[in-house]
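A.B. asks: Questions regarding the structure given below will be posed in turn.
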Amino acid sequence: MRVVAEARTNIALVKYWGKRDEALNLPAVGSISLTLDGLATRTEVTWDEKASRDRFFLGDVEQAGRPLARVQKFLDLVRERGGRAGHAIVRSSNNFPTAAGLASSASAFAALAVAATRSAGLELDPTSLSELARRGSGSAARSIFGGLVEMKRGERADGSDAVAAPLGQWDLRLVVGITGEGAKATLSTEGMRHTAETSPYYPAWLEQHPADLDAARAAIERRDLAALGEVAERSCLRMHASALAARPGIIYWSGPTVDAFHMIRALRADGVGVWFTNDAGPHVKALCSPADAPRVERTLATVAGVVRTISCAPGAPASLIEVER
Ligand code: DP6
């Protein structure tokens with residue numbers, strides 16, 4: 001069976017940074033994110049009983065090394081669930097330029113979870129898909145759902161409660177400012193491991209985190225953008241503070257990243273409801289209302305080194321696009 005699925009990337013407003021179990025990819029903290037419209041991965045999976053190995057194409061380019069190994073490991077989980085013997089051909093493409101460094105394991109593993117299980121004859125509910133997607137990448141568990149999403153840290157050793165769930169719809173905007181091109185220097189998986197092992201601020205990060213989650217959840221319930229924006233900015237800065245304090249410190253920011261932070265705060269001082277967040281790379285994301293998004297986008301574009309801006313509305317859940325027997 002040939003199946004095509006699509007999933008959108010997401011940006012965390014309360015960050016996931018650190019794991020409580022590496023083998024099952026269980027997060028040390030919960031997180032809250034917004035799934036984004038417009039930045040999507042489309043993945044086609046076909047199982048072939050006669051094939052001797054899995055193959056993975058990104059765009060038209062066949063992948064080897066680490067990207068292929070991650071996909072193979074994920075397909076092993078699908079095989080374990082009893083869906084199918086044999087190997088798969090996986091073809092993935094992003095509808096945004098990969099060179100921009102926005103290529104996201106979140107949309108990739110969410111789309112792969114939906115396509116690979118369905119084409120193997122398995123019918124998983126969204127919670128089970130979220131649990132499976134988490135094994136590929138922690139943030140991918142959130143991209144199974146649309147809009148605002150909460151990922152639970154979970155308590156169980158088997159990870160069955162470390163899953164995401166939707167928090168509802170709220171028409172927000174995240175304006176992405178692309179600061180330069182190229183892949184990030186330290187991948188999130190390595191960055192969080194290094195932080196947990198060497199940063200004296202990591203215990204403080206874990207300790208304050210539940211309060212940030214509570215504050216974000218309450219702000220979302222009240223639809224209070226200023227309160228949500230404040231938590232988002234501080235969660236981002238606290239995550240980076242823990243990484244900066246590692247040995248050696250991890251610096252994900254470039255000059256334009258920091259300039260954009262200041263520009264966003266200046267805009268806020270000018271009365272615009274806008275707050276920044278940023279992940280394991282140099283790009284900046286600004287949270288605001290739909291009405292303010294054009295001004296935020298225009299202003300962000302004036303920062304030297306911001307090469308492109310993309311204004312994103314909340315996106316839909318991961319979904320099946322084609323099923324062909
Ligand atoms: C900074 O989900 O990429 O974007 O589970 O190791 O694949 P792995 O990590 P990943 O980490 C995302 C880190 C982050 C914050 C976030 O998205 O919550």
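A.B. asks: Sort the range 173-312 into rounded, prolate or oblate with this rule: let a ≥ b ≥ c be the square roots of the eigenvalues of the Cα gyration tensor; rounded if a/c is under 1.5, and if a/c is not under 1.5, prolate when a/b is larger than b/c, oblate otherwise.
C.D. replies: In terms of gyration-tensor shape, oblate.
A.B. asks: Let me ask you something else. Select from GLY59, GLY281, GLY229 the residue whose mean-square fluctuation is largest in a Gaussian network model of the chain (Cα-Cα springs shorter than 10 Å).
C.D. replies: In this elastic network of the chain, the residue with the biggest mean-square fluctuation among GLY59, GLY281, GLY229 is GLY59.
A.B. asks: Taking Cα pairs under 8 Å and at least six residues apart, what relative contact order does the range 173-312 come out at, in percent?
C.D. replies: Normalised by residue count, the contact order of the range 173-312 is 42 percent.
A.B. asks: Could you tell me the distance between the Cα centroids of the range 201-215 and the range 226-269, to the nearest Å?
C.D. replies: Cα centres, the range 201-215 to the range 226-269: 16 Å.
A.B. asks: Of the candidates SER107, SER242, SER139, which one comes out as most mobile in a Gaussian network treatment of the chain with C-alpha springs shorter than 10 Å?
C.D. replies: In the Gaussian network model the winner is SER242.
A.B. asks: Just round it to a whole percent: the fraction of Cα-Cα distances in the chain exceeding 35 Å.
C.D. replies: 17
A.B. asks: Related question: Calculate the spin-label point distance for GLU80 paired with ILE251, positioning each point 7 Å from the Cα along the beta-carbon direction, and give it in nanometres.
C.D. replies: 4.0
A.B. asks: Additional query: Net charge near ASP270, counting Lys/Arg +1 and Asp/Glu -1 over other residues with Cβ under 14 Å of its Cβ?
C.D. replies: Neighbourhood net charge equals +3.
A.B. asks: May I ask you to derive the FRET efficiency for GLU322 and ALA185 from their Cβ-Cβ distance with R0 = 41 Å, giving the value to the nearest 0.05?
C.D. replies: After rounding, the FRET efficiency stands at 0.65.
A.B. asks: Moving on. Of the candidates VAL71, VAL274, VAL29, which one comes out as most mobile in a Gaussian network treatment of the chain with C-alpha springs shorter than 10 Å?
C.D. replies: Top of the fluctuation ranking is VAL71.
A.B. asks: State the percentage of accessible surface on the chain attributable to carbon and sulfur atoms; use a 1.4 Å probe and exclude ligands, DNA and RNA.
C.D. replies: Numbers: 7050 of 13510 Å².
Ligands and nucleic acids excluded, carbon and sulfur reach 52 percent.
A.B. asks: Still on this structure, please answer the following. What trypsin sites (Lys or Arg not before Pro) does the range 121-199 have in DSSP loop regions with at most 13 other beta carbons within 10 Å? Write down the numbers at each step before the final one.
C.D. replies: Details: sites: ARG134, ARG135, ARG142, LYS152, ARG153, ARG156, ARG173, LYS184, ARG193; in loops: LYS152, ARG153, ARG156, LYS184.
Passing sites in the range 121-199 are ARG156.
A.B. asks: Can you give the relative contact order of the chain as a percent, counting alpha carbon pairs under 8 Å and 6+ residues apart?
C.D. replies: 25
A.B. asks: Next question. Sort 255-261, 221-227 for me by packing, meaning the mean count of neighbouring Cβ atoms within 10 Å per residue, highest on top.
C.D. replies: 255-261, 221-227
A.B. asks: Along Cα→Cβ, 7 Å out, is where each label goes; now give me the distance between the ones at PHE57 and ASN95 in nm to one decimal.
C.D. replies: It is 2.0 nm.
A.B. asks: Let me ask something additional. With the other protein chains left in place, how much accessible area per residue, in square angstrom, belongs to the chain at a 1.4 angstrom probe?
C.D. replies: With the other protein chains kept in place, the chain gives 42 Å² per residue.
The values are calculated or read from the model by the stated rules, or taken from the named source; none is laboratory data. Note that the structure is predicted; figures quoted are calculated from it, not measured. When we count neighbours, we look across all protein chains shown, and the Cβ atoms used for this are built from the backbone with ideal geometry, even at glycine. Keep in mind that these areas ignore ligands, DNA and RNA; they rest on the heavy atoms of the full protein, side chains included. Shrake-Rupley method; radii C 1.70, N 1.55, O 1.52, S 1.80 Å.
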